[in-house]
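One structure, pasted below without further comment.
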Amino acid sequence: MVLAKQVPDPETPPSQFKIDESTNSVVPPNGVPPVVNGFDLNAVEAALLLRDAGADVEITVLSVGTDFVMDSMKKTLAMGADRLVLVDDDGLDKIDSAATVKVLATVIEKDGAFDLVLGGRQASDWDQAHVPLGLAEVLGLPLVSLVQKLELTDNGITVQRVITDGYQEITAPIPAVLTVTNELGEPRYPNLRGIMQASRKKPEVFSLADLGLSSGDLAPKLKLTKLYVPESNQQVELIEGENEADSGKKLALRLREEKLI
Amino acid sequence: MTSILLIGESDEHGEVSQSTLQAVAAAKSLSEPNITVTFSGDAPASASSLSVDSIVSISAVSNSDDGIYEQSTAEIASLVTSNNPDVVLLSKSDFGSLVGARLAFRSDLSFAADCTELSNENGALVVTRPVYGGSALAEFIVASTPAVVTLRAGAYEPSTETGSPAIESIEPQSIEQFAYVTDTVAETRDGVRLEDAGVVVSGGRGLGGPEPFSVLKDLANALDGAVGASRAACDAGWIDHSHQVGLTGKSVSPDVYIAVGISGASQHMAGCSSSRAIVAINKDADSNIFKEARFGVVGDWEKVLPSFLASVRELKA
Ligand SMILES: Cc1cc2nc3c(=O)[nH]c(=O)nc-3n(C[C@H](O)[C@H](O)[C@H](O)COP(=O)(O)OP(=O)(O)OC[C@H]3O[C@@H](n4cnc5c(N)ncnc54)[C@H](O)[C@@H]3O)c2cc1C
Ligand SMILES: Nc1ncnc2c1ncn2[C@@H]1O[C@H](COP(=O)(O)O)[C@@H](O)[C@H]1O
C-alpha cells in the first residue's frame, strides 16, 4: 500500500506563487497541473524495486483528497502500480493530518491484506512529515521513517534509515509502515507500455459516506487563521568589477570591509 | 499560566544542545510559563543551571536509546499523561520529529510541526509554521491541549539566562520493541560540522559536476568553514547527502552563507535563511537567490570563484 498525495507543483517559481487571503488557500498558477507529491513517487519506486528484486508484490496506491487530476494520479499506475484507490470528497478539502490519518486508517483496515504501507517522507504542500507516522501509531504497527533502501527478508524487512550524518540498518517485522526519502534514487519514468496499461485502468473511488465517515469525524485540531507570503525586505548589493574575475576580488574585499570574513 | 514539558537533548559534547536552549527561549516567551525540561537519559550537567522550573531525567535511557527512540517515546508519553502540560515542546531534530509525531498520535493530541513562532492570544496557543517549502507562512490556533509542537532550528536565539531548577530522576519502564537498529554507518567528516560552521560555502546544480566541489572545499578551508550543497547537487551524486542544506537537509545559520550556482528555491532557503549574510554567485540576474542575498555577483562561477578564492587567501595570510 503506497500513500500518495496530490499537491500543487512545488517547482512553481516563487514569483508565481499566489495566495488568496480571503480563503486562506493557494491559487494554482494557470496551466500548471497538480502533481503526485515527489517523495510519494519515491515510495512507489521503493515498491517497484521489491518487485524487480523478485518478490511477488501487488502495489495499491491510496490517495485522500478532492479535485483529483487523473492524468497526474495515473502516473503511479504508469510506473507499474497495480491499483489506484481514491477517497474523493469535497469534505476532504481542508482536513488536517489527524483527519487524514483517520481516513487512511479506515481504508487500510477495510481493504484488508497488506504487508507494507509506504509513504513519502513529507508532502510538499503543508510540509508536516507526520501522516505515515501517525498512521503507524493508530494501526499499532512498527514504523521506520526516512528509508533509503529496503529489502524483504524471510521474516520481515531490513532497511537503511537516513540519519544526520549517515544511516542506520534496521530490521523490523511486517506488516510495517515506512516513509521513503529521495536518497532512495530517482523514481523511474513510465514507459510507453506502462502508460498504455494505465490508461485502461480505472481508479476505485470512495466517498466519505462509503467509508462510514462524516465530516464531523474530521474536525481539525488546529484552526488555520492566516496564510500569507512573508515579506522580504532584503536588498542585494551587487558587486560589479571590470570583469567577472575582478568582481570576485572586489567581493572578497567588500566582505572583509563588513568584517564578515 | 502555561505549563510546558520541554523535551531536552544533549549535544555531542554532552552539553545541553543549542536547539534545546532555543526551545527554552521559545517556552519563556509564552504567558506565565512553568517549564519542566525532561531528558531521555541522564540530564547533562549543564542542565542544572537552566533558567526553568524543573528538570526530570529518565535515567538509564540514552537519547539514542534504541536508535529509533521507541523507549523515549513510551517514557515521554507516560510523562505527558501524568503531568498533563499545555504544551509539549521538542526541537525539530531527527529525535524531536519522530518522537513528537508518535507521541501526538499515540495520545490523540494536537500537533504542530516545524514551527517558527509561538504565542498566546486570548488564552489560546497560536503557532506559525512555514508551509509550501517556505513560500508561505501559516498561522494556526491550537484548539485543544495538550499540544505537541516541534520548533525549527534557529527560530529563536538560545536562552542565556541561568536558574536553579528542581531536579528529579525517574526510572524507565519496560516496553515492547518492534524494530531494531543492527548497525550505524557514519559519514566521515573532515573539518568543522556543517551546523556549527561560521562560514558555509554551498554549491548547486550550476556547478555542473562533482569536480568543482573541490574548489568550494578549498574556499571553505581558507575560511575555516564547511561545504554545503543543494538537493539537486546531492541527488546528482556530486556530493554526499549529508551536505544537503534545506527543508529536508540541514539547517545552518552561519555568519556568511556563500551560495554558488544555487537558484534559491524556497526549500533550499528554508535551511539557510537565518544566516547573518547570504552571498550569491549566479550567472542569472533574475534568479531568486538575489532576492534573498545581501551581497551578490552576477557571473559565471568558473570566472568569479578563482579570483575570489585568491583574494580570500591574501586577506587571510
Ligand atoms: C518537499 C521538497 C523538499 C525539498 N528540500 C530541499 C532541500 O532540503 N534542499 C534543497 O536544496 N532543495 C530542496 N528541494 C528542491 C528545491 O525545490 C530545488 O529543486 C533545488 O534546491 C534546486 O537546486 P539548485 O538551486 O542547485 O538547482 P537549480 O534550481 O537548477 O539552479 C541552478 C542555478 O545555477 C545557476 N548557474 C548555472 N550555471 C552557472 C554558472 N556557470 N555560474 C553561476 N551560476 C550558474 C543557474 O542560473 C541557476 O540559478 C526540495 C523540494 C521539495 C519539493
Ligand atoms: N491526503 C493524503 N492521501 C494519501 N497520502 C497522504 C495524504 N497526506 C499525506 N499522505 C502521505 O503522508 C506523507 C507525509 O505527508 P505529510 O505528513 O502531510 O507531510 C506523504 O508523503 C504521503 O505519502
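Roughly speaking, what is the centre-to-centre gap between the range B:70-148 and the range A:1-65 when only Cα atoms are used, to the nearest Å?
After rounding, the separation between the Cα centres reads 25 Å.
Still on this structure, please answer the following. Can you pull the mean other chain C-beta count within 10 Å for peptide B:46-59?
Values: counts 0, 0, 0, 0, 0, 0, 0, 0, 0, 0, 0, 0, 0, 0.
Averaged over the peptide's residues, the number is 0.
So if I place +1 on the C-beta of Lys and Arg and -1 on the C-beta of Asp and Glu, and nothing else carries charge, what would the dipole magnitude of the protein assembly as shown be about its Cα centre? I want it in debye, nearest 20.
Numbers: 44 positive and 80 negative charges, 219 e Å.
Charge dipole, the protein assembly as shown, about its Cα centre: 1060 debye, nearest 20.
If you average the alpha carbon positions of the range A:174-207 and of the range A:106-125, how far apart do those two centres end up, in angstrom?
After rounding, the separation between the Cα centres reads 13 Å.
Could you state the angle between the C-alpha long axis of helix B:70-83 and the longest principal axis of the C-alpha atoms of chain B, as a value from 0 to 90 degrees rounded to the nearest 10?
Here the helix axis deviates by roughly 50 degrees.
Springs between alpha-carbon pairs under 10 angstrom, Gaussian network model over chain B: which of B:Ile239, B:Ile278, B:Ile175 fluctuates most?
B:Ile175
Sort the range B:172-257 into rounded, prolate or oblate with this rule: let a ≥ b ≥ c be the square roots of the eigenvalues of the Cα gyration tensor; rounded if a/c is under 1.5, and if a/c is not under 1.5, prolate when a/b is larger than b/c, oblate otherwise.
Numbers: a/c = 2.48, a/b = 1.85, b/c = 1.34.
Judged from the Cα gyration tensor, the range B:172-257 comes out prolate (a/c at least 1.5, a/b above b/c).
Set Lys and Arg Cβ to +1 and Asp and Glu Cβ to -1, take the dipole of the range A:1-146 about its Cα centre, and tell me which of A:Phe68, A:Val101, A:Ala53 lies farthest positive.
Farthest along the dipole direction, towards plus: A:Ala53.
Further question: So, by mean Cβ neighbours within 10 angstrom, what's the order for A:20-27, B:147-154, A:222-229 with the highest one leading? All intermediate terms of the calculation are to be shown ahead of the outcome.
Values: A:20-27: 12.1, B:147-154: 25.5, A:222-229: 15.6.
In descending order of packing, they fall as B:147-154, A:222-229, A:20-27.
When you look at the Cβ of every residue in B:172-182, what mean number of other chain Cβ atoms sits within 10 Å?
Rounded to a whole number, the mean comes out at 4.
Across peptide A:157-163, how many C-beta atoms of other chains are within 10 Å of each residue C-beta, on average?
Numbers: counts 1, 3, 1, 2, 7, 4, 10.
That average works out to 4.
With charges set only on the Cβ (+1 for Lys and Arg, -1 for Asp and Glu), what does the dipole of the range B:86-245 come to about its Cα centre, in debye to the nearest 20? Don't jump to the answer; show the numbers that get you there.
Numbers: 10 positive and 22 negative charges, 89 e Å.
About 420 debye.
Provide B:Met1, A:Met79 in ascending order of the number of other Cβ atoms located within 10 Å of each residue's Cβ, fewest first.
On the way: B:Met1 9, A:Met79 23.
Ranked by crowding around the Cβ, least crowded first: B:Met1, A:Met79.
Note down the nm distance, to one decimal, between modelled labels 7 Å out along Cα→Cβ at A:Asp90 and at B:Ser119.
3.6
To two decimal places, what compactness ratio does the protein assembly as shown give when its Cα radius of gyration is scaled by 2.2 N^0.38 Å? Please report the intermediate quantities before stating the final value.
Working: Rg = 24.0 Å, N = 578, 2.2 N^0.38 = 24.7 Å.
It is 0.97.
Still on this model: Among rounded, prolate and oblate, which fits the range B:194-316 when a ≥ b ≥ c are the square roots of the eigenvalues of its C-alpha gyration tensor, a/c under 1.5 means rounded, and a/b larger than b/c means prolate? Display every interim value, and only then the final one.
Working: a/c = 1.20, a/b = 1.15, b/c = 1.04.
Since a/c stays below 1.5, the shape of the range B:194-316 is classed as rounded.
Assuming a viscosity of 0.692 mPa s and a temperature of 37 °C, what translational diffusion coefficient in µm² per second does Stokes-Einstein assign to chain B, Rh being the Kirkwood radius over Cα pairs? Don't skip to the answer; put the middle values down first.
On the way: Rh = 20.9 Å.
In µm²/s, the coefficient rounds to 157.
When a footprinting reagent is the concern and you count Cβ atoms within 10 Å, what order do A:Tyr189, A:Tyr167 take, fewest first? It would help to have the intermediate numbers written out before the result.
Working: A:Tyr189 10, A:Tyr167 22.
Lowest to highest Cβ neighbour count: A:Tyr189, A:Tyr167.
Place +1 on the Cβ of every Lys and Arg and -1 on the Cβ of every Asp and Glu in the range B:194-316, take the dipole about the Cα centre, and give the residue among B:Gly203, B:Ala270, B:Leu223 whose Cα lies farthest towards its positive end.
Going by the charge dipole, the pick is B:Ala270.
Another question, if that's okay. In the range A:56-78, which residues have a backbone nitrogen under 20 Å from the label point lying 7 Å from A:Asp154's Cα in the Cα-to-Cβ direction?
A:56
Classify the range B:2-170 from the C-alpha gyration tensor, please: rounded if a/c falls under 1.5, else prolate or oblate depending on whether a/b exceeds b/c.
On the way: a/c = 1.42, a/b = 1.30, b/c = 1.10.
Taking the square roots of the gyration eigenvalues as a ≥ b ≥ c, the range B:2-170 is rounded.
For the residue pair B:Gln177 and B:Asp196, what label-to-label distance in nm results when each label sits 7 Å from Cα along the Cα-to-beta-carbon direction?
If labels sit at B:Gln177 and B:Asp196, their model points lie 2.8 nm apart.
While we're here: Among DSSP beta bridges lying fully in the protein assembly as shown, give the percent that are antiparallel, nearest 5. Present the calculation step by step, with values, prior to reporting the outcome.
On the way: 44 of 115 bridges.
Percentage antiparallel, nearest 5: 40.
Ok, one more. Spin-label point model (7 Å from Cα, Cβ direction): what's the A:Thr225 to B:Ile167 distance in nm?
4.0
Now, a different point. Taking θ = phi - 60°, what integer Hz values does the Karplus form 6.51 cos²θ - 1.76 cosθ + 1.60 yield along the range A:202-207, in sequence order, with x for Gly and Pro?
9, x, 8, 10, 10, 9
Treating only the Cβ atoms of Lys and Arg (+1) and Asp and Glu (-1) as charged, compute the dipole magnitude of the range B:244-317 about its Cα centre; round to the nearest 20 debye. It would help to have the intermediate numbers written out before the result.
Working: 8 positive and 7 negative charges, 44 e Å.
Rounded to the nearest 20 debye, it is 200 debye.
Bear in mind these aren't lab numbers, they're just calculated from the coordinates by the rules spelled out. Note that the coordinates shown come from a computational prediction; the quantities given were computed from them, not determined experimentally. Note: ideal-geometry Cβ built from the backbone for every residue, glycine included; neighbour counts use all protein chains shown.
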